[in-house]
Ligand code: PEP
Ligand code: MN
């Protein structure tokens, strides 16, 4: 009797590459049984706004605060971020609440500065194939989260990660943040296939970003559920104290008041897979 296709599929899953946890601090790693929340505003706008986000993240037991200080904006007339002041604010409020910081390095010349303030360096979708930037973070002993280019294949994404590891840094996480498809009703299309396949093909923890993948606050929770069901090891989610007045990505940001419900919803999904959500 010939092997049924679904049996071959299960065999492939069994021979998948094991996820290699990325140590962030001496007592915290990403890629273990706990699925990790990285939450906060799209952009650091002010001390008060970022502190409110940090307080809310800490209150639900979150470990990682996100926020952009150097912003890659489609229009040069949009808010470009507070730069170094934004990094100082992030570090200050994260330290106050015992959180870790993830923030983007937009350019090679920012790498030392961002590395000084951040616990995890984010490389953005538009920079996925910016090889000098990949080499620059590859020289560091610092965790890096590489977002998938919104027009990049999975193969290109994994090869971009190899540019980082080729310089010696293996503390790599990948982030699926939605790809551009023919669909225009949503900002991007969350590639849940890509999450599952990347987990099979490489040892890096996979993070999902349901905020940029959907571009709509009302779709963030459903997309996040799907990402966790596909095997994501973490979620990067935009939350803002006042989404209607956010300086970037307000339409896809959840209000901070939704954080407890968000975490409760995610725990229902991770429980099915015998994982925790923190
Ligand atoms: C972000 O995380 O705020 C961001 C700019 O993401 P991306 O690079 O995926 O567009
Ligand atoms: Mn954003």
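Derivation of every value follows stated rules applied to the coordinates shown; laboratory data play no part. What you are looking at is a predicted structure, and each value in this text was computed from that prediction instead of being measured. Note that each Cβ is placed from the backbone with ideal geometry, even for glycine, and that neighbours are counted across all protein chains shown.
Details
- Difference of contour (0.36 nm per residue) and Cα-Cα distance, residue 151 to residue 139: 1.7 nm
- Relative contact order (percent, whole number), the chain, Cα cutoff 8 Å, 6+ residue spacing: 21 percent
- With Cα atoms, 0 to 90° folded angle of helix 47-59 axis to the chain main axis: 40 degrees
- Once the chain from residue 170 to residue 46 is taken as fully extended at 0.36 nm per residue, the excess over their C-alpha distance is 41.3 nm.
- Calculated [222 nm] ellipticity per residue, helices only, for the chain: -11500 deg cm²/dmol; basis is -39500 (n - 2.57) per DSSP H run with n ≥ 4, divided by all residues, nearest 500.
- Choice from 83, 62, 149 with maximal GNM fluctuation in the chain (Cα, 10 Å cutoff): 83
- Sites residue 108 and residue 26, calculated FRET efficiency, Cβ-Cβ separation with R0 35 Å, nearest 0.05: 0.75
- Ordering 71, 142, 268 from the fewest to the most neighbouring beta carbons within 10 Å gives 268, 142, 71.
- Residues residue 229 and residue 251, FRET efficiency given R0 of 22 Å [Cβ-Cβ distance, rounded to 0.05]: 0.30
- Of all DSSP bridge pairs formed entirely within the range 33-277, close to 5 percent run antiparallel.
- Estimated FRET transfer efficiency (residue 218, residue 55; beta-carbon r; R0 35 Å; 0.05): 0.90
- Against the chain, whose longest principal axis comes from its Cα atoms, helix 217-229 is set at around 40 degrees.
- Gyration tensor verdict on the range 38-183 (Cα atoms; rounded if a/c is under 1.5, prolate if a/b is larger than b/c, oblate otherwise): prolate
- Between the range 63-118 and the range 173-240, the C-alpha centres lie 21 angstrom from each other.
- Subtracting the Cα-Cα distance of residue 181 and residue 79 from 0.36 nm times their residue separation leaves 34.1 nm of extension gain.
- Degrees between helix 5-14 axis and first principal axis of the chain (Cα, 0 to 90, nearest 10): 50 degrees
- Cα gyration tensor shape of the range 33-277, rounded if a/c is under 1.5, else prolate or oblate by comparing a/b with b/c: rounded
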